[in-house]
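K.L.:
Supplied in structure tokens, the structure appears directly below.
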Amino acid sequence: MGFFSKLTSFFTGYKEIDEEFYEELEENLVMGDVGIATTEQLIEKLKVQVREKRISEPSACRELLMENMKEALRETGSDDPYAFERGKSVVLVVGVNGVGKTTTVGKLAAMYKNEGKKVLLSAADTFRAAAIDQLDIWAKRTDVDIVKGVEGGDPGSVIFDSIQASKARNTDILLCDTAGRLHNKKNLMNELNKINTIIKTEYADANRETLVVVDGTTGQNALSQAKQFMEVTDVTGLVLTKLDGSAKGGIAIAIQNELHIPVKYIGLGEKVTDLERFDPDKFVNGLFDVTI
Ligand SMILES: Nc1nc2c(ncn2[C@@H]2O[C@H](COP(=O)(O)OP(=O)(O)OP(=O)(O)O)[C@@H](O)[C@H]2O)c(=O)[nH]1
Ligand SMILES: [Mg+2]
């Protein structure tokens, strides 16, 4: 049973809405990875609503809380977070070591291809040969083309070659896998700057999308990783992986509320089909085990 679904008995366990109720609710939200800052905001909002609407039943608070969470998740800052999918696009997939970048690239390739788009993969993680092979397996599995560099080569030149190939083959979406092992922030910034300059100059008319992948089981670490990437490059969206291995998931709300970057996709397993576009209503209902 998921973490938030256990909260249902919490709401029915209280007879009245008092300070103790709010304190315990706060503790529960923090434990569910919602994060302290976002939890405090949610509780404050709830208190105001309870007062204004003269609510006296703790169980009615659950609906309000769920609605507030959905609302926080819907505030994506852009009208259509998926607009980039419809034009010519370059999608750069970044994130620290082991969060699920390569797997996400493979799953996205399958999703876009199934939707009728022409996809090309770019193996710009040149850090080790195994990374290139791993993406190659995804290319074969999903039956899409791939541009590969050599181990230890320059990721920028792989991106350059991939863009030329994209143009020549009239690709809709170029999906670029990158390395997770750049030892420090300066390195990371230089690397991403270089890549972005190449994309801007070589493929000026393409939409540019930078997705940060974070592991949903790592709680507040995921939030700080996303923040670090925002400091070094223009992040346009987030992918939250491994949610199948997490009973929590509140991190999605913390990230969206505190960083104002939309969660665009969620990873729900290791299989090719285990990726979904993020749906706030479905997500929050799922957290609380509510089917409407
Ligand atoms: N359960 C589960 N496992 C996942 C998910 N996404 C990725 N993984 C697994 O996480 C591990 C790491 O995935 P990769 O895609 O290699 O991660 P990466 O970020 O490319 O790793 P590096 O290139 O080494 O930085 C693999 O065993 C994947 O199968 C997911 O949504 N759920
Ligand atoms: Mg990888």
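K.L.:
Determine the equivalent ellipsoid of segment 6-74 by diagonalising the alpha-carbon gyration tensor, then write out the semi-axes as square roots of 5 times the eigenvalues, largest first, rounded to whole Å.
P.N.:
17, 14, 11
K.L.:
What aspartates and glutamates could a cross-link reach from Lys282, if we take a straight Cα to Cα line under 16 Å and drop same-chain neighbours fewer than 8 places away?
P.N.:
Glu63, Glu67, Glu71, Glu75, Asp244, Asp274
K.L.:
Amide H to amide H, which residues 5 or more places from Thr210 or on other chains are under 5 Å from it, using H placed in the peptide plane?
P.N.:
Result for Thr210 returns Leu92, Thr236, Gly237.
K.L.:
So what's Rg/Rh here for the chain, counting alpha carbon atoms and using the Kirkwood radius for Rh?
P.N.:
Taking Rh as the inverse mean 1/r over Cα pairs, Rg/Rh reads 1.04.
K.L.:
For the cross-link pairs Lys6/Lys107; Lys185/Lys227; Lys148/Lys186, which exceed 22 Å when the distance is taken from alpha carbon to alpha carbon?
P.N.:
Lys6/Lys107; Lys148/Lys186
K.L.:
So what is the 222 nm mean residue ellipticity for the chain from helices alone, if each DSSP H run of at least 4 adds -39500 (n - 2.57) and you divide by all residues, rounding to the nearest 500 deg cm²/dmol?
P.N.:
-16500 deg cm²/dmol
K.L.:
Okay, moving on. Pop a pseudo-label 7 angstrom from the Cα along the beta-carbon direction at both Leu259 and His183 and give the gap in nm to one decimal.
P.N.:
2.5 nm
K.L.:
Further question: Segment 137-205 to segment 243-289: how many Å between their Cα centroids?
P.N.:
For segment 137-205 versus segment 243-289, the Cα centre distance is 26 Å.
K.L.:
Moving to a separate point now. Compute the accessible area per residue over the chain, keeping the other protein chains in place, probe 1.4 Å, unit Å².
P.N.:
So the chain comes to 46 Å² accessible per residue, rounded to a whole number.
K.L.:
When only C-alpha pairs under 8 Å and at least 6 residues apart count, what is the relative contact order of the chain, in percent?
P.N.:
26 percent
K.L.:
Sticking with this structure for a sec: Say the dipole of segment 6-74 comes from +1 at the beta carbon of Lys and Arg and -1 at that of Asp and Glu; which of Tyr22, Met69, Pro58 then lies farthest toward its positive end?
P.N.:
Met69
K.L.:
Continuing with the same structure: Quick one: helix 19-31 against the long Cα principal axis of the chain, what's the angle to the nearest 10°, folded into 0 to 90?
P.N.:
20 degrees
K.L.:
Ok, one more. If ligands, DNA and RNA are left out, what is the accessible area of Phe127 with a 1.4 Å probe, given in Å² to the nearest 10?
P.N.:
About 100 Å², ignoring ligands and nucleic acids.
K.L.:
What ³J(HN,Hα) values, in whole Hz, does the Karplus curve 6.51 cos²θ - 1.76 cosθ + 1.60 give for segment 110-119 when θ = phi - 60°, with x put for Gly and Pro?
P.N.:
Whole-Hz 3J(HN,Hα) from phi for segment 110-119: 5, 4, 5, 4, 4, 8, x, 9, 8, 10.
K.L.:
Using protein chains only and a probe of 1.4 angstrom, how many square angstrom of Glu20 are accessible, to the nearest 10?
P.N.:
Surface open to solvent at Glu20 totals about 110 Å².
K.L.:
Kindly state, as a whole number, the per residue volume in cubic angstrom of the convex hull around the alpha carbon atoms of segment 221-280.
P.N.:
90 Å³
K.L.:
Can you give me the % of accessible surface on the chain that is carbon or sulfur? Probe 1.4 Å, all protein chains present, nothing else counted.
P.N.:
Carbon plus sulfur share of accessible area: 48 percent.
K.L.:
Once phi is turned into ³J(HN,Hα) by the Karplus curve 6.51 cos²θ - 1.76 cosθ + 1.60 with θ = phi - 60°, what whole-Hz value does each residue of segment 175-183 show in order, with x for glycine and proline?
P.N.:
9, 10, 8, 10, 7, x, 10, 9, 5
K.L.:
P(r) for segment 111-224: what percent of alpha-carbon pairs falls in each 5 Å bin, starting at zero?
P.N.:
Pairs per bin, as whole percents: 2, 11, 19, 23, 21, 15, 8, 2, 0.
The values are calculated or read from the model by the stated rules, or taken from the named source; none is laboratory data. On a predicted model such as this, the values are computed, not experimentally measured, just so you know. Glycine also receives a Cβ, built like all others from the backbone with ideal geometry; neighbour counts cover every protein chain displayed. Ligands, DNA and RNA are stripped out before the accessible areas are found, and what is left, the full protein with its side chains, is counted by its heavy atoms. Shrake-Rupley method; radii C 1.70, N 1.55, O 1.52, S 1.80 Å.
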